[in-house]
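**Student:** Questions regarding the structure given below will be posed in turn.
Rule-based calculations on the coordinates, nothing more; no lab input. Every value quoted in this text rests on a predicted model; they were computed, and no experiment measured them. Here the Cβ positions follow ideal geometry from the backbone for every residue, glycine too, while neighbour counts run over all protein chains shown.
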Number of protein chains: 4
Amino acid sequence: MSAPANLPHGEQDDVSGEALITSSDPEHPANLIPDLCRNFYSLGWVTGTGGGTSIRDTSTGNIYIAPSGVQKERMKATDLFVLAYPAKKYLRKPQNLKPSQCTPLFLAAFDRGAGCCIHTHSQWAVLITLLVEKQFGPDACFEIEHLEQIKGIAKGRGKPGALSYWDRLRVPIIENTAHEEDLTESLEAAMEKFPDSYAVLVRRHGVYVWGDNVHKAKTMCESFDYIFQLAVEMHKLGLPWVRDDKSGLVEG
Amino acid sequence: MSAPANLPHGEQDDVSGEALITSSDPEHPANLIPDLCRNFYSLGWVTGTGGGTSIRDTSTGNIYIAPSGVQKERMKATDLFVLAYPAKKYLRKPQNLKPSQCTPLFLAAFDRGAGCCIHTHSQWAVLITLLVEKQFGPDACFEIEHLEQIKGIAKGRGKPGALSYWDRLRVPIIENTAHEEDLTESLEAAMEKFPDSYAVLVRRHGVYVWGDNVHKAKTMCESFDYIFQLAVEMHKLGLPWVRDDKSGLVEG
Amino acid sequence: MSAPANLPHGEQDDVSGEALITSSDPEHPANLIPDLCRNFYSLGWVTGTGGGTSIRDTSTGNIYIAPSGVQKERMKATDLFVLAYPAKKYLRKPQNLKPSQCTPLFLAAFDRGAGCCIHTHSQWAVLITLLVEKQFGPDACFEIEHLEQIKGIAKGRGKPGALSYWDRLRVPIIENTAHEEDLTESLEAAMEKFPDSYAVLVRRHGVYVWGDNVHKAKTMCESFDYIFQLAVEMHKLGLPWVRDDKSGLVEG
Amino acid sequence: MSAPANLPHGEQDDVSGEALITSSDPEHPANLIPDLCRNFYSLGWVTGTGGGTSIRDTSTGNIYIAPSGVQKERMKATDLFVLAYPAKKYLRKPQNLKPSQCTPLFLAAFDRGAGCCIHTHSQWAVLITLLVEKQFGPDACFEIEHLEQIKGIAKGRGKPGALSYWDRLRVPIIENTAHEEDLTESLEAAMEKFPDSYAVLVRRHGVYVWGDNVHKAKTMCESFDYIFQLAVEMHKLGLPWVRDDKSGLVEG
C-alpha cells in the first residue's frame, strides 16, 4: 500500500514522508518496531518508556528509530523517526515527539555494520553489572562459559558462525553517565576494545545489543538476556560462572 | 460516537450520563481505564480486585474512577464512576457497584494538580515497605540512588524535567489503617512533607502513584515498580541501595 | 441462543444436553469456565492439565465441572461435565473424557453453600505447605497477619463482609493422598474444623478455594495466591509472617 | 482445505508438498507447531530461537519439525520441515531454512514410539542440572518425590497410567556437547538406561521431553518444567527433594 498522492500538507510539513512509514509488509521497520516493542514490553525490557529500538531498512538504508518517552507497548508507526543513512539527516520527525536519546549510540552500532540495535533496561542486565563490580571490581567485564545459549551469540563482525559451547562469552561494561548521549564515547571505546562483542552493558542502566539484521539482533538480545538472568540465578545458588581451572576441559 | 437520544430511562435513572462513558476515542478515560486495568492485572498490580485507577478528563475536568470490588481485567466502561471536579459530586454512579474506597486518596492527588492517580498492591512495593522498616525503622522512607530508571521520575510539581541519574530517590512510607479511606490524612501529610514526590508507599499494602496526566502517571508507576523490584533483588544479592560515603561521587 | 431443535442424535446420545452448554452469555458457566481456565493457565495455576474449576449455575443450580486431563488453556465448552445438584447425577458426560478427580472435593464445597470451587497447583501454595511443616510441624496451619490483601478474603459462611487488616488469616493444611478423591474425608474434616475458611491447602499438592459465587471464589483464589507468594518472598528475606507479641497492636 | 491444483512450480520445486502443510484443522501438526511454539515462547522455553518441537502426524506417520534458527513466536506453517517416517526422507525442505539440529535427537524418541518430542532451553532445567552436579556429582540423575505434579508423568512406554504420588521421579542427565547432533549417542544411551523415562536433561543446556502423542508430550513437558522450577525454589528455601529415610512412608 503506497501513500495516497493527496496527503494533507501544512501542519504536516515537518513530518514529511508518510510514505516512509506506510507499508503493508509486517516485516517493514515501520510495522516491525511497534510490534517488537510490544513484545519487549511484555519481557520487561522497556518498562516506563525505557529502552529503545532501531532498524536499518534493508532496501533504502534508512534508519528507523522509536521516539523518546513513548509508552513502548502503545507505539504506532506514526511515532517513528526516520534518518537517512549514512547522511544521518532526518527524513521524518514526528511533531510533539523528541528523538531518542539513544540515537548517537544506535549510530555507533550502525557505523560498525549493524542492521539493528536494541537497548533494554532489563533488570537482569542491571544486576549483572552490579554483581560483576562487587566480585571483580569496576574494570571487569562479565564472563561466563559452558552454556548452550552462548551458541545464540555470533562470533564477531565479519566472522561467520556463532560462538561455540566451549567459548567463554565476554561482555564489556561501561559506567553510566548523567545523560544517555554522553555514553557514546565510552560505548565506542568498548566497541573498539571488544571488536567481536555484539553487546555492551551499562552499569546500573541496561544493555545495548546489535546485530547484522533485525532477526540476529533480536535473537542475540534474547540470548544475552537469558544468560544474564541465568547468571543471576546461578549466583544466588552459589554456582560459579566460569571454572577457575580450565585444564580439565576438552575442546569440543 | 455520541449517546443515542432515546436512551431508556427509568431503572437507569441513577446511572445518568451514558454519554459520559461513550466515546470512540481509545484515549478517552472511559475506554482507557478498562484498557489500563487489563494491563495492570497482567503486571500483578491489581490481583483479587485490589488497587484502583482514576483519570481526570482533560476536556471536561471530570474524574473517572474504577469501582470497588470489580475484577480489574474484566472491567467495562459502564462500571465507571464519574465525579464532577472540583465540585466532587457524582455525575454517574453505576447501580449495584460501590465507589472505590480509594476515592478520597485519589482526590488528595487531584487536589495537588494530578491528572491521574494509580493505586497498586504490587508485591514489590509491599516488600520494600517491610525491608525499609526492618533495616531503618518505622519512620524511614525508601531511598535509592544511581539507577538509570530513576530518570523516569519527574522532578516535582511545577518543576520541569525529571530526576537525574545522580539524584537520590526518596519515597515516603505511611502506616496502613483498617479502612482505606482512613489513610487520607497520613497520605496528605506525606504529600506535604515530600512535596516533590509522585508516590507514597503504604506499609504492608502497596503504593499510590500519580502524575500530571495519565501518560506520566503510568510511566512513573512502571518506573517506581521497576525500582522496587530491582531493590528487592539487590537486597537478596547483598547489593546496597545507596552509597554510605557520597564524597567520591562526581556530580553529572 | 438456544440449542437447535434438530440436534443430531445417535453417537451423541450419552452426551445429552447440548443446550446445557450453549449460551451466548459470556458469564454462563459453559463459557466462563474455559475463559477462566485460560486465565488460570497464564497464572501458572493449572500447568500440565493440573488443577480444576467448577461453577454452580445460579439459574438452574446445575454444577459445571472442567474434565480431567484436558489442557486447561485449550478447553472448550463441549468438554464440560454437568451435574444436577443437589441430586448429584450427571446431566452431561462428554464422550472420551473422564470426570475430574476433584469432583467429590468440589461437591464438599458446594454442600457447604459454595457457588464456585477452584483447585490450583500453584507453586506458591505448595511451597507454603512445605515451609509451614518445616517451621511449625505437620499439624500447623498457615498463619499470616497485617497484609492489606487479607481484606480480599470473606469473613466466613453466613458472616457479612471481609476479614479486617488486623485479623490473622489461618488456612488449614491437609496431607496429600495417592488418589485425589481420597482427600475428601480430610478436606471435609478441615472444613468442619475451620468453618470460616474459604481455602484448604494440600501438602505438596496445591490449594482448594471456594466462594459464594464465581466472582468471590476467583477473587479469593487470587488473594490467597498473592498472599502465599508474598509469604514465600517474605520468608526468603527473613521477614516474619506474624508478630510474636501482639500486645502492642491497636485494634483497627 | 486442500492445496490448489495449480500451484506455481519452478522456484518452489525443492519445497514440494504444500499440501503437507495445508489444513484447516487447528490440531494438524502444520498448524499446531507454530501455535505451540508461540505458547512455549511465552513460557521462556525457546528464547533466542532455542529449543525445538516435532510432531508425528497420526494419519500419515510423517514427522513435522520446526526449523533451525527461526524465532519461535513468529513461526509459520511454511517454515516447517516434513520427514517421511520411518523412511526418514525429507518430503518438504523450505528454501533458505536449515533443518533443526535436534532432528536426530527427535528421531531417537520417535524410534522408541514417541508421537511428539519437545526440546526446551528452560532455565529451570539448566539450573537443575547444575544443582544435581554440585550436590551429587556428575553421574547423578535428578530425583524428587512426593509432589502431586509427579502424577502428570506417565509410567513408561507400554505401561498404562501415570506415576503415583508415592513414586520417586528420576530424570537422567547427560553432558552437553559442542554440536547438538553429537548428543544423540548419549541421549540414546540414557533412553536405554532409563527405559521408562520420558525426559532427558542436558547439562547446561535444557531438556528433551517426549510422549505418545502431542497432548501427552506437552502435558509432561509442562509437568517436568513445573517440577524443575519447584525444585530450584525448594533448594533456595532449604527444603530437600527426597526424604533420606523412607521407612516412615506408607505406600498409597
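**Student:** To the nearest 10 degrees, how steeply does helix D:214-236 sit against the main Cα axis of chain D, on a 0 to 90 scale?
**Tutor:** Once rounded, the angle reads 40 degrees.
**Student:** Hey, which aspartates and glutamates would be in cross-link range of D:Lys155, C-alpha to C-alpha under 17 Å, not counting anything within fewer than 8 residues on its own chain?
**Tutor:** Partners within reach: D:Glu143, D:Glu145, D:Asp167, D:Glu192, D:Asp196, D:Asp212, D:Glu222, D:Glu251.
**Student:** I'd like the distance between the alpha-carbon centres of the stretch C:121-161 and the stretch D:42-60, rounded to an integer number of Å.
**Tutor:** If you average the Cα positions of each part, the centres end up 38 Å apart.
**Student:** Spin-label point model (7 Å from Cα, Cβ direction): what's the D:Asn213 to B:Glu175 distance in nm?
**Tutor:** Result: 6.2 nm between the two label points.
**Student:** Rg to Rh ratio, the stretch B:67-180, alpha-carbon atoms and Kirkwood radius?
**Tutor:** Across the stretch B:67-180, the Cα-based Rg/Rh ratio is 1.02.
**Student:** Suppose every Lys and Arg Cβ carries +1 and every Asp and Glu Cβ carries -1, with no other charges. What dipole size does the stretch B:14-100 come out with about its Cα centre, to the nearest 20 debye? Present the calculation step by step, with values, prior to reporting the outcome.
**Tutor:** Values: 10 positive and 8 negative charges, 67 e Å.
So the dipole magnitude of the stretch B:14-100 works out to roughly 320 debye.
**Student:** Sticking with this one: Kindly write out, for the stretch A:177-185 in residue order, the coupling ³J(HN,Hα) from the Karplus curve 6.51 cos²θ - 1.76 cosθ + 1.60 (θ = phi - 60°), rounded to whole Hz, with x marking Gly and Pro.
**Tutor:** So the Karplus estimates, Gly and Pro as x, are 10, 5, 10, 4, 5, 6, 6, 3, 4 Hz.
**Student:** Kindly give Rg over Rh for chain B, based on alpha-carbon atoms, with the Kirkwood expression for the hydrodynamic radius.
**Tutor:** In chain B, Rg relative to Rh is 1.01.
**Student:** Looking at the stretch B:171-252, which trypsin sites (Lys or Arg not before Pro) are in a loop (DSSP not H, G, I, E or B) and have at most 13 other Cβ atoms within 10 Å?
**Tutor:** B:Arg243, B:Lys246
**Student:** Provide, in order from the shortest bin, the percent of all Cα-Cα pairs of the stretch A:120-252 in each 5 Å bin, continuing until the bin that contains the maximum pair distance.
**Tutor:** For the stretch A:120-252, the binned pair fractions read 2, 10, 20, 24, 22, 13, 7, 1, 0, 0 percent.
**Student:** Between A:Ile144 and residues 5 or more places away or on another chain, which pairs have amide H atoms under 5 Å apart, with H built 1.01 Å from N, and which residues are they?
**Tutor:** Under 5 Å from the amide H of A:Ile144: A:Leu169.
**Student:** Using only the alpha-carbon atoms, what does the stretch A:116-192 span along each of its principal axes? Please give whole angstrom values in decreasing order.
**Tutor:** That gives 37, 30, 21 Å along the principal axes, largest extent first.
**Student:** Using θ = phi - 60° and the Karplus form 6.51 cos²θ - 1.76 cosθ + 1.60, what ³J(HN,Hα) does each residue of the stretch C:44-57 get, whole Hz, x for Gly and Pro?
**Tutor:** x, 8, 10, 4, x, 6, x, x, x, 8, 9, 9, 8, 5
**Student:** On to the next question. For the stretch C:31-97, which trypsin sites (Lys or Arg not before Pro) are both in a DSSP coil and crowded by at most 15 other Cβ atoms within 10 Å?
**Tutor:** C:Lys76, C:Lys88
**Student:** Oh, and also: From the label point of D:Ala19, set 7 Å from Cα along Cα→Cβ, how far away are the matching label points in the other copies, in nm, ordered shortest to longest?
**Tutor:** So the distances to the same position in the other copies read 4.5, 4.5, 6.3 nm.
**Student:** Using only DSSP helix segments of four residues or longer, with each worth -39500 (n - 2.57), what per-residue ellipticity at 222 nm results for chain A after dividing by its residue count and rounding to 500? Show your work: numbers first, answer last.
**Tutor:** Values: 5 runs with 69 residues, N = 252.
One gets -9000 deg cm²/dmol as the mean residue ellipticity at 222 nm.
**Student:** In µm²/s, what is D for the protein assembly as shown at 20 °C and 1.002 mPa s, where D = kT/(6 pi eta Rh) by Stokes-Einstein and Rh is the Kirkwood radius from Cα pairs? Mind showing how you got there, number by number?
**Tutor:** Details: Rh = 30.6 Å.
Approximately 70 µm²/s, per Stokes-Einstein.
**Student:** Over all residues in B:174-183, what is the mean tally of Cβ atoms on other chains that come within 10 Å of each residue's Cβ?
**Tutor:** 3
**Student:** Diagonalise the Cα gyration tensor of the stretch D:14-100 and give the resulting equivalent ellipsoid semi-axes, square root of 5 times each eigenvalue, largest first, whole Å.
**Tutor:** 20, 14, 11
**Student:** If amide H atoms are built 1.01 Å from N in the plane of the peptide, which residues on other chains or at least 5 residues away come under 5 Å of the amide H of A:Ser100?
**Tutor:** Amide H neighbours of A:Ser100, under 5 Å, 5+ apart: A:Ser68.
**Student:** So if I take the centroid of the Cα atoms in the stretch A:205-233 and the same for the stretch A:61-104, what is the distance between those two points in Å?
**Tutor:** Computed from Cα coordinates, the inter-centre distance equals 22 Å.
**Student:** Let me spell out the model: positive unit charges on the Cβ of Lys and Arg, negative unit charges on the Cβ of Asp and Glu, origin at the Cα centre of the protein assembly as shown. What dipole size does that give, in debye rounded to 20?
**Tutor:** Approximately 160 debye in magnitude.
**Student:** Pop a pseudo-label 7 angstrom from the Cα along the beta-carbon direction at both D:Glu18 and C:Glu192 and give the gap in nm to one decimal.
**Tutor:** 6.9 nm
**Student:** Another question about this same structure. Can you list the HN-Hα couplings for the stretch A:58-68, worked out from phi with the Karplus curve (6.51, -1.76, 1.60; θ = phi - 60°), rounded to whole Hz and with x for Gly and Pro?
**Tutor:** 5, 8, 9, x, 5, 9, 9, 10, 5, x, 6
**Student:** Along the charge dipole of the protein assembly as shown, pointing to its positive end and built from +1/-1 on Cβ of Lys, Arg, Asp and Glu, which listed residue (C:Ile55, B:Phe142, A:Thr103) has its Cα farthest out?
**Tutor:** C:Ile55
**Student:** Amide H to amide H under 5 Å from B:Arg92: which residues, 5+ apart in sequence or cross-chain, H placed 1.01 Å off N in plane?
**Tutor:** Correct list: B:Val82.
**Student:** As an exercise, use a Förster radius of 60 Å and the Cβ-Cβ distance of A:Ala84 and C:Asp182 to find the FRET efficiency, rounded to the nearest 0.05. Intermediate values should be presented prior to the final figure.
**Tutor:** Working: r = 72 Å, r/R0 = 1.21.
According to the calculation, E is roughly 0.25.
**Student:** Also, quick follow-up: Enumerate the residues in the stretch B:166-206 having an amide nitrogen under 13 Å from the point lying 7 Å beyond the Cα of B:Ala140 toward its Cβ.
**Tutor:** Under cut-off, by backbone N: B:171, B:173.
**Student:** Which Cα, out of C:Pro172, A:Tyr208, A:Met75, lies furthest along the positive dipole direction of the protein assembly as shown (beta carbon charges, K/R +1, D/E -1)?
**Tutor:** Among C:Pro172, A:Tyr208, A:Met75, the one farthest towards the positive end of the dipole of the protein assembly as shown is A:Met75.
**Student:** List the distances, in nm to one decimal, from the label point of C:Pro160 to the label points of the same position in every other copy, shortest first, placing each label point 7 Å from Cα along the Cα-to-Cβ direction.
**Tutor:** For C:Pro160, the other copies' label points sit at 5.6, 5.6, 7.9 nm, shortest first.
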